[in-house]
Amino acid sequence: MIYEKLLNIQNELKAPKSQYNAFGKYKYRNAEDILESVKPLCFKYKATLTLSDEIVLIGERYYVKATATLTDNEKPELKIWTTAYAREEESKKGMDGSQVTGASSSYARKYALNGLFNIDDTKDSDSTNTHGKDDKETTTQEVTNEELLKLFALAEQAGYSKDTVFKQAKEKYKKEVENLKKAEYNQLFTGYTKLVKMNEKK
């Protein structure tokens, strides 16, 4: 029942990109945009959506772990959820500690919602725009928070925990996962994508 309700919500959900980044000149959606669009559908299909955050220490950095949970109001014991992570920056100009955590929470919640409602942001400018950098720079630059979230979510789909992702990055590339270059990140991402497809065929 809960999967049928989720399928209906995924099918009918329209979450427009109502935010605009003047620097990069692109539109994007945030967690609030998704929530505004999904609330009427949750009411329609008698389901409740809840969001929660947890601060976790991975390696030497803190992450915000966000969980998006959909509960069947007619059978509350039936739930389905997804999680996503956002790394807290050590400092960010113009922000105090609570604001940095809040920004990380927003990112993590957005990607948890993306995972739950099957929203694809891989082609969004906020995750792919290089602001004029050439392909060589893109290949060698370090991965972003958004890309790490996608990698963790994909690994989870393949049946691997975030700790396993960190371990594999350490063993394969001799570095922490947040320090991977784009080419290295792409190799891991491709590997997990293949595992997910293999699991789907079973």
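Going by the structure shown, is Gly97 at negative phi, at pLDDT below 80 and not assigned by TED's automatic domain parsing to the domain that holds Lys150? When the stated conditions are applied, Gly97 passes them.
Checking the structure you have, find out if any residue of the stretch 55-71 is of a type in the set (Phe, Trp, Tyr), more than 19 Å from Ile119 (Cβ to Cβ) and within 18 Å of the chain's Cα centre (by Cα).
For the stretch 55-71, residues of a type in the set (Phe, Trp, Tyr), more than 19 Å from Ile119 (Cβ to Cβ) and within 18 Å of the chain's Cα centre (by Cα): present.
Among the residues of the stretch 15-41, the ones that are at pLDDT 90 or above, closer than 16 Å to Asn114 by Cα and surrounded by fewer than 17 Cβ atoms within 10 Å (Cβ to Cβ) come to 3 in all.
Take Leu57 and decide whether it is within 22 Å of Gly102 (Cα to Cα) and without any contact (Cβ under 8 Å) to a residue 12 or more places away in the chain. Show your work before the answer.
Values: within 22 Å of Gly102 (Cα to Cα): yes; without any contact (Cβ under 8 Å) to a residue 12 or more places away in the chain: yes.
Yes.
Considering (1) modelled with pLDDT of 80 or more; (2) under 28 Å from Lys39 (Cβ atoms), the lone condition that Asp120 does not fulfil carries the number (1).
Screening Lys92 with (1) closer than 25 Å to Leu154 by Cβ; (2) modelled with pLDDT under 85; (3) among the basic types (Lys, Arg) gives one miss only, at (1). Residue pairs whose Cβ atoms lie under 6 Å apart, separated by 6 or more positions or on different chains, with the first residue in the stretch 175-202 and in the same structural domain as Glu146 (by TED's automatic domain parsing) and part of a helix (DSSP H, G or I) and the second among the aromatic types (Phe, Trp, Tyr) and at pLDDT 80 or above, are Val177/Phe166; Glu184/Tyr173.
Every test in (1) surrounded by 13 or more Cβ atoms within 10 Å (Cβ to Cβ); (2) of a type in the set (D, E, K, R); (3) modelled with pLDDT under 80 is passed by Lys162 save one, and that test is (3). Among the residues of the stretch 57-81, which ones are touching a helix residue (DSSP H, G or I) at 6+ places or on another chain (Cβ under 6 Å) and modelled with pLDDT under 90? Matches in the stretch 57-81: Val64 only. Every test in (1) out of contact with any helix residue (DSSP H, G or I) (no Cβ under 8 Å at 6 or more places or on another chain); (2) in contact (Cβ under 8 Å) with a residue 12 or more places away in the chain; (3) closer than 22 Å to Ala66 by Cβ is passed by Lys39 save one, and that test is (2). Within the stretch 177-194, the set of residues being of a type in the set (A, V, I, L, M, F, W, C) and in contact with a strand residue (DSSP E or B) (Cβ under 8 Å, 6 or more places away or on another chain) comprises just one member, Leu180. The numbered conditions (1) touching a helix residue (DSSP H, G or I) at 6+ places or on another chain (Cβ under 8 Å); (2) assigned to a strand (DSSP E or B); (3) of a type outside the set (Ser, Thr, Tyr) are all true for Glu54 except (1).
The values are calculated or read from the model by the stated rules, or taken from the named source; none is laboratory data. Bear in mind that the values here come from a model prediction, so they are computed numbers and not experimental data. Don't worry about glycine lacking a Cβ; one is built from the backbone with ideal geometry, like all the others, and counts go over all protein chains shown.
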